[in-house]
1. I need the peptides 96-108, 221-233 ranked by packing, meaning the mean over residues of other C-beta atoms within 10 angstrom, with the highest value on top.
2. Quick query: amide H of V215 versus all other amide H atoms, modeled in the peptide plane; which residues come in under 5 Å with a sequence gap of 5 or more or a different chain?
3. Under the definition of Cα pairs under 8 Å and six or more residues apart, what whole-number percent is the relative contact order of the chain?
4. Across the range 213-226, in residue order, what do the Karplus-derived ³J(HN,Hα) couplings come to in whole Hz, using 6.51 cos²θ - 1.76 cosθ + 1.60 with θ = phi - 60° and x for Gly and Pro?
5. Leaving ligands, DNA and RNA out of it, work out the accessible area of K93 with a 1.4 Å probe and give it in Å² to the nearest 10.
6. Loop only per DSSP, at most 12 neighbouring Cβ atoms within 10 Å: give me the trypsin sites (Lys or Arg not before Pro) in the range 213-265, ordered by residue number.
7. Mind checking the per residue accessible area of the chain for me, 1.4 Å probe, whole number of Å²?
8. Please work out the C-alpha center-to-center distance from the range 25-79 to the range 178-254 and express it in whole Å.
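The values are calculated or read from the model by the stated rules, or taken from the named source; none is laboratory data. Since the model is a prediction, treat every value here as computed from it, not as a measurement. When we count neighbours, we look across all protein chains shown, and the Cβ atoms used for this are built from the backbone with ideal geometry, even at glycine. The area values use the complete protein model at the heavy-atom level, side chains included, leaving out ligands, DNA and RNA. Shrake-Rupley method; radii C 1.70, N 1.55, O 1.52, S 1.80 Å.
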Amino acid sequence: MTLGEQVCDLPRAPGVYVFHGDGKLPLYIGKSVDIRSRVQSHLRNPDEARMLAQTRRIEAIETAGEIGALLLESHLIKTQSPLYNQRLRRIKKLCSLQLVRKNDSWQTAVVDEQTVAFGQTPQLYGLFSSRHAVRQKLQSLAQQHRLCLQMLGLEKTNPRGCFGWQIRQCAGACTGHEPRTAHDDRLLQALEGIQIHTWPFPGAVHLVEQRGDWVQKHLINHWAYQGTWCSQTGTWLERRKGFAGFDADSYHILVKPVLLQTLAIEPAGDDLQTTS
Ligand SMILES: [Zn+2]
């Protein structure tokens, strides 16, 4: 079958598609709410001619909904390392900014996976791929919000004020021109949008997606994707025993549906409590 003929057989439904070549590793893994039309758009894209020339077979894995497609795509890209996917490479060392209350003020600390449990530790802000990236983010927040480089731990204490004060970017928390509480209130506001929420349940839950009478239940434990139960087959897809570990991509996929409860959520039962 030519690729064109294979595309005509693909479902017009949500799910994941996999481009296979001659080698063991897939060439490319993607997701869509309409697999056939998404794959057709790959075939029309001249920039992807090289990948398409290597493609022998296109596989489709339907899902009951969009969240399932996103979770499966992210999981398969990480476990199968397709040649042409670049977007979702696993971050080697996940870093974040932590706020710590000390002497009635907020101190900043750069933390990573070895020092804190992501998704379980409160007052974490942003997911970064390096400590350097955390400090860069703080620098840019300082500029935007007139925060103090000394208070943020980016500069050593200097009684003449921080560099930002000298160029009139700092509002003066370091020189006493601004009360520390006003500075810290602005810092909290600046960080509000990138807060990493802690897991809001005592244990693992199922996120339920349904299409017609087909039900899929995604097992999620502390923001980690542990597999999907499928009512059509009565079996698990990509089931992982033991805690899969915090993962930035899964967190970003899940944070809205979990916090806003846009999908039905069920406790996963005692036999699925898999926190290590
Ligand atoms: Zn300052």
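1. Going from most to least packed, we get 221-233, 96-108.
2. Long-range HN contacts for V215: S231, Q232.
3. Across the chain, relative contact order equals 14 percent.
4. So the J values, rounded to whole Hz, are 9, 8, 10, 10, 10, 8, 8, 10, 10, 6, 6, 9, 7, 10.
5. 80 Å²
6. Here the sparse-neighbourhood loop sites are R239, K241.
7. For the chain, the solvent-accessible area averages 53 Å² per residue.
8. What the calculation gives is 23 Å, centre to centre.
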